[in-house]
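As structure tokens, the structure follows; a few thoughts come after it.
What follows draws every value from the coordinates through simple rules; no lab data is involved. If you're wondering where the values come from, they're calculated on a predicted model, not measured in any experiment. Because the Cβ atoms are built from the backbone with ideal geometry, glycine has one as well, and the counts that use them run over all protein chains shown.
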């Protein structure tokens with residue numbers, strides 16, 4: 001093939017703990033590039049784990065950009081963004097079959113977005129298991145065929161080399177990571193021939209000419225096989241599999257040469273994404289940061305043209321173009337087609353957005369942020385920071401769209417939501433250190449409600465005389481419970497003008513006021529109020545007087561109608577690997593949940609979806625226990641479904657705690 005002159009971008013992805021960041025660093029060392037991470041220290045480890053890192057390298061005269069991404073499920077959105085701008089994904093997995101379930105969601109994402117990807121089996125020197133059996137397990141979670149590009153050579157139970165199944169050459173894995181050409185041991189030849197035959201059959205499924213050669217027992221030349229591998233990878237029709245050890249640097253030279261031969265150039269990636277080669281400069285942002293003393297920085301991939309300091313993007317002047325290498329930034333003359341660079345202060349640019357000189361547009365297929373699974377209520381530590389907090393939260397969510405900010409309707413408290421406890425802990429630390437707004441957390445408010453169990457009638461009168469015009473209102477109301485979810489209904493049944501028409505809306509407003517806080521201390525719902533009678537005074541009656549009377553009627557009658565507490569119930573869809581289904585079900589029932597059933601996941605082979613009703617008060621921290629029970633893989637989507645009665649000691653505790661909080665606030 002003719003190798004491209006434009007840089008190619010490879011994004012490293014995989015589950016947590018498989019050596020992905022070690023591979024990232026080892027690839028840089030193998031190419032002679034500068035290390036991208038600060039050495040040692042907890043902060044360096046935290047950076048490796050929780051934020052993507054970009055680094056540049058050269059291999060055999062070609063330019064490469066590698067993007068390392070977090071493996072923790074809580075930070076998966078960061079990885080998805082980097083995948084959307086790469087030419088190829090390099091999926092990293094260790095030699096443990098139990099890791100297969102963790103790759104299911106990742107393979108599904110890659111296939112949904114037609115992103116070419118290769119698989120690197122890491123830690124092979126510590127594995128004495130069968131690569132073929134491991135691959136069969138992994139194939140169960142991949143909709144694309146996994147095809148071995150090489151097989152291991154073992155000696156004394158250790159992997160000492162590999163055989164390239166295309167060229168049929170054997171390579172030893174030297175201690176310094178270099179690959180030396182050796183003769184294929186005769187004892188390994190039958191195994192190599194069987195594996196190569198399987199590779200050829202997989203490729204023949206993609207190419208009729210190759211199929212005819214195999215049927216005629218003609219050995220195809222390596223050049224045609226390399227071409228077919230490149231084409232099949234580019235079209236995301238199969239997944240080449242490489243072997244090695246990131247920690248020891250074994251197999252990395254072979255991996256780099258495989259990337260060099262098979263990763264498509266930016267021109268073909270642009271075609272895959274439907275981006276025209278013609279037109280003005282076009283870049284796409286995949287990460288946003290707000291840095292002290294620097295301002296907004298957007299990490300972008302250049303799809304067309306070139307961007308330089310002082311040029312125009314989205315109607316704004318670019319302030320600085322930098323080449324990013326780990327934690328370092330170096331001023332760049334410009335960013336050309338295929339480059340990954342950081343551009344400064346293009347305020348209208350958002351993560352995922354395409355920007356040309358005129359404006360910004362969002363792509364249709366950019367991955368949406370998942371709904372939050374963990375929330376905390378927050379307040380600024382200093383009341384003078386309230387306005388500053390609002391601005392800081394907007395920047396925080398812009399940097400990480402998998403965070404969310406909402407305002408609780410009853411308490412008006414700000415709720416920060418994210419993908420787990422660690423995710424929010426990092427977000428709060430980010431607020432404190434980088435955005436300079438320290439916040440305190442508060443218990444998460446639960447929107448309890450109350451209703452009544454029986455009906456009744458009440459006569460309420462409000463009369464006040466203080467010189468001049470007084471205030472007078474008099475109403476008779478019938479109050480009765482409604483079925484769950486009907487909220488509120490007000491009807492007027494007065495006849496004969498005993499309450500003039502102009503005052504009836506004021507009575508309804510007063511009734512609303514009286515329902516905002518019931519006898520248990522919560523908003524009252526699912527009640528019907530009918531105005532049946534009353535009287536008025538030609539001088540002292542007014543809208544305000546009748547509004548006060550309507551409120552008074554509710555305050556006086558509701559405690560007599562058997563008030564009962566209602567708690568919000570969520571409809572929860574829980575997705576877990578199949579062997580974790582029973583554990584997840586026990587978690588649900590242990591939190592007063594009602595199981596509705598479970599079925600096979602429609603998109604993830606080997607996974608189940610459990611549906612249940614769970615009280616909202618029981619969901620805080622559920623994601624922590626769920627991930628603990630599912631090796632970090634489980635997740636859920638929840639939405640409000642209905643309210644249900646809560647009685648007994650649990651209800652008493654809720655009411656008592658609420659009354660205590662109200663007293664402290666007074």
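Numbers for the structure displayed
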item: FRET efficiency, 1/(1 + (r/R0)^6) with R0 30 Å, evaluated for residue 187 and residue 209 via beta carbons; result: 0.30
item: In degrees, nearest ten, helix 648-665 long axis to first principal axis of the chain (Cα); result: 80 degrees
item: Helix axis angle, 421-433 relative to the chain longest principal axis, alpha carbon, degrees; result: 80 degrees
item: Inverse of mean 1/r across different Cα pairs in segment 78-140, Kirkwood, Å; result: 12.6 Å
item: Spin-label model distance (nm) - residue 257 vs residue 5, 7 Å beyond Cα toward Cβ; result: 2.6 nm
item: Part-to-part distance (alpha-carbon centres) for segment 390-414 and segment 635-666, which is given in Å; result: 23 Å
item: Cα-Cα P(r), segment 566-651, percent of pairs per 10 Å interval; result: 18, 51, 24, 6, 0
item: Span from the segment 528-555 Cα centroid across to the segment 202-218 one, whole angstrom; result: 89 Å
item: Relative frequency of Cα-Cα separations exceeding 50 Å in the chain, percent; result: 30 percent
item: Length added when fully stretched, residue 383-residue 649, from 0.36 nm per residue minus Cα-Cα; result: 92.1 nm
item: Estimated FRET transfer efficiency when R0 is 25 angstrom, pair residue 308-residue 345 (beta carbons, to 0.05); result: 0.95
item: Extension gain from residue 599 to residue 579, taking 0.36 nm per residue of separation minus the Cα-Cα distance; result: 5.9 nm
item: 0 to 90° range, to nearest 10: angle between helix 252-262 axis and the chain longest Cα axis; result: 80 degrees
item: Label-zone membership for segment 606-645, site residue 406, 7 angstrom Cα→C-beta point, backbone N under 19 Å; result: 612-624, 635-644
item: Stretchable slack from residue 34 to residue 492, in nm (0.36 nm times residue separation minus alpha-carbon distance); result: 157.0 nm
item: Calculated FRET efficiency for the pair residue 155/residue 362, C-beta based, R₀ 51 Å, to 0.05; result: 0.40
